1. Assuming 0.36 nm per residue, please report the length gained on full extension of the stretch ASN68 to LEU103 beyond their Cα-Cα distance.
2. For ALA43 paired with ASP93, estimate the spin-label separation in nm (one decimal), with each label point 7 Å from Cα along the Cα-to-Cβ line.
3. Given region 68-117, what whole percent of its Cα pairs are spread farther than 14 Å?
4. What is the spin-label model distance, in nm, from GLU35 to VAL77 if the labels are put 7 Å beyond Cα along the C-beta direction?
5. So for the pair ASP58, SER116, with labels modelled 7 Å out along Cα→Cβ, what separation do we get in nm?
6. So, counting K/R as plus one and D/E as minus one, what does the shell of residues with Cβ under 12 Å around PHE30 add up to?
7. Which net charge results for the neighbourhood of SER54, defined as the other residues with beta-carbon distances under 15 angstrom from its beta-carbon, given Lys and Arg at +1 and Asp and Glu at -1?
Amino acid sequence: TPGIFTEQSMITFLPLLLGLSLGCTGAGGFVAHVESTCLLDDAGTPKDFTYCISFNKDLLTCWDPEENKMAPCEFGVLNSLANVLSQHLNQKDTLMQRLRNGLQNCATHTQPFWGSLTNRTREERGVQRGYQEVQLGGQAREDPTVAQGFEI
């Protein structure tokens, strides 16, 4: 069933919401944010990738990897906004390509840090530690968290 708002009325409505949120100090605030997750197994292999857009903590639209598109996930008052936003984002070819590659990008962006973040162990007091070399941004640097005599 179609929502109470048409796409054109929602486009008109969004600047009004923005104006109210910025211009009326007593009205409170409106917060829209993008959230993404990359779930990894113990070996650092990506198992799941999510990408969602929320408005005031309500999920509006999320990436659906089975459908290869953004799908509305708000079915209450903001359903019309969720539908319009999903349709709009699905027309953005660059975004769609990035989301299709989301799981692979998780692997690419997490692998350089995986070992240094997950293989750290805490040694007993008094045990001497050596320096480890960690690759960050293409440069080798000494990792101060494993320096001799330094306790975390």
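1. Gain on stretching ASN68 to LEU103: 11.3 nm.
2. The answer from the label model is 3.7 nm.
3. Considering region 68-117, 62 percent of its Cα-Cα pairs are separated by more than 14 Å.
4. 1.9 nm
5. Placing both labels 7 Å beyond Cα along the Cβ direction yields 4.3 nm.
6. Summing Lys/Arg as +1 and Asp/Glu as -1 gives 0.
7. On the way: positive: LYS57; negative: GLU35, ASP58, GLU74.
Overall, the nearby charge balance is -2.
Laboratory data are not the source of any read-out in this text; all were calculated from the coordinates shown. Bear in mind the structure is a predicted one, so any value in this text is a computation, not a measurement. Quick reminder, even Gly has a Cβ in these numbers, built from the backbone with ideal geometry, and neighbours come from all protein chains shown.
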